[in-house]
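Derivation of every value follows stated rules applied to the coordinates shown; laboratory data play no part. In this text the structure is predicted, and so the values were computed from the model without any measurement. Note that each Cβ is placed from the backbone with ideal geometry, even for glycine, and that neighbours are counted across all protein chains shown.
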Amino acid sequence: MSRPTAGPRHLLSVADLGRDGIREILRLGDSFAEVNTRAIPKVPALRGRTVASLFFEDSTRTRLSFETAAKRLSADTVTFSAGGSSLSKGESLRDTSQTVAALGVDCVVVRHRSAGVASQLSRWLDCSVINAGDGRHEHPTQALLDCYTIRSRLGDVEGRRVAVVGDIAHSRVARSLVAALQALDAEVTLVAPATLLPPAVDSWKVAVSSRLDDVLPRADVVYLLRLQRERQDAALLPSLREFHERFGLSAERVARLADHAIVMHPGPMNRGVEIGAEVPEMHCATITEQVANGVAIRMAVLFRLLGSGAAAEAAASAPSGTRRTAQPADSVPADPAPGARRD
Ligand code: MLT
């Protein structure tokens, strides 16, 4: 397998990658997905490197996924949780993150309830920064694993009709996903009540509908979003029951989808609200595949940022005395199996 081309030091938004960067991550994802099928799913690619997860907001899958990915690349991991930390003693975000970085980490994976925190950390810290979700702004690795999942189920992303349904206004997942889908030439329709559309939706350059039943028969992908009640500051819906009736993907609605169509959700799901209680177990649903693919894709992202080519470049450009000497990765994963798809 070819080594990753030297790229940017951070992954803050999908725009940092562009079409070629996204395609490169998807290709690397194929190699790491193969690693994950081995009896010992581990390669020494990031041996000697340290990845810190800095989560100021709750997470199950994203955090475990990054930590699993780092360990499978043989990196050391450091974990910070806001609960039980010196934040409760009044320590600032800057001091906390600089303290973690000073442990000698090569990469910080950060989640925070405020938009822009990942970008701020990239200015304060000397190591790589990956945005694992900042407020309602972006969640780029989620979009990458979702594109990977579409590609592995449907063959390609290009030209696919994707309906993104639910609370788009408060969703960082939607922002990153739409950007990635557009970069890969998919056709996106947002489906939501007017109160759950972002104010500047016109600038998104996508189709918009408030009628899920009209959109379903043509969709290749139905992507459901949770109501982000922790980020809603007003009563935006008459009731959850009414939301489910108009926008929830029930089993009856699944029956109206094309045979090849897939149903996606980033999790956590609220069964009976945006998704019918029995839908996640149906064949069309990709929810657990998305989680599994997330590990391979996050391995690809970490490898691209910290693998040998990227590391050498970052070390050369860092101010002297501020960065640990980059250790070239000892090895990269074996070539993907013959026949593995290349974009
Ligand atoms: C997120 O962190 O944004 C999740 O993956 C999606 C959600 O919370 O609904």
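With no solvent and one equal point scatterer per Cα, compute the Debye intensity ratio I(q)/I(0) for region 137-211 at 0.13, 0.22 Å⁻¹ and report its log10, rounded to two decimals.
Rounded to two decimals, the profile gives -0.34, -0.97.
When N is the residue count of the chain, what does its C-alpha Rg come to as a fraction of 2.2 N^0.38 Å? Each step should come with its number before you reach the end.
Values: Rg = 20.0 Å, N = 343, 2.2 N^0.38 = 20.2 Å.
With N residues counted in the chain, Rg over 2.2 N^0.38 Å equals 0.99.
Sequence gap at least 6, Cα distance under 8 Å: using those rules, report the relative contact order of region 140-287 to the nearest whole percent. Spell out each step's value before the answer.
Details: 252 pairs, mean separation 35.6, N = 148.
Taking the mean separation of contacting Cα pairs over the length of region 140-287, I get 24 percent.
Using the Karplus curve 6.51 cos²θ - 1.76 cosθ + 1.60 with θ = phi - 60°, what ³J(HN,Hα) values do you get for each residue of region 178-184, in whole Hz, with x for Gly and Pro?
Result, rounded to whole Hz: 4, 4, 5, 5, 5, 4, 9.
Determine the relative contact order of the chain: mean sequence separation of Cα pairs under 8 Å and six or more apart, normalised by residue count, in whole percent.
24 percent
Among the lysines, which have Cα under 20 Å from the Cα of Lys42 when same-chain residues fewer than 8 positions away are ignored?
Lys71
List the GluC sites (Glu not before Pro) within region 251-295 that fall in a DSSP loop (any state other than H, G, I, E or B) and whose Cβ has at most 14 other Cβ atoms within 10 Å. Don't skip to the answer; put the middle values down first.
On the way: sites: Glu252, Glu274, Glu278, Glu281, Glu289; in loops: Glu274, Glu278.
Here the GluC sites (Glu not before Pro) that fit, given the DSSP loop and packing criteria, are Glu278.
Nearest 5 is fine: what % of DSSP beta bridges in the chain come out antiparallel, could you say?
Details: 1 of 36 bridges.
Percentage antiparallel, nearest 5: 5.
Express the Stokes-Einstein translational diffusion coefficient of region 140-287 in µm² s⁻¹, to the nearest whole number, given a Kirkwood radius over alpha-carbon pairs, 25 °C and a viscosity of 0.890 mPa s. Mind showing how you got there, number by number?
Numbers: Rh = 15.1 Å.
The diffusion coefficient I find is 163 µm²/s.
Could you tell me whether region 10-93 comes out rounded, prolate or oblate from its Cα gyration tensor? Rule is a ≥ b ≥ c as square roots of the eigenvalues, rounded for a/c under 1.5, then prolate if a/b exceeds b/c, otherwise oblate. List each step's numbers first, then the result.
Working: a/c = 2.47, a/b = 1.51, b/c = 1.64.
Since a/c reaches 1.5 but b/c is at least a/b, the shape of region 10-93 is classed as oblate.
So, counting K/R as plus one and D/E as minus one, what does the shell of residues with Cβ under 12 Å around Arg160 add up to? Intermediate values should be presented prior to the final figure.
On the way: positive: Arg151, Arg153, Arg161, Arg218; negative: Asp146, Asp156, Glu158, Asp185, Glu187, Asp220.
Cβ neighbours under 12 Å give a net charge of -2.
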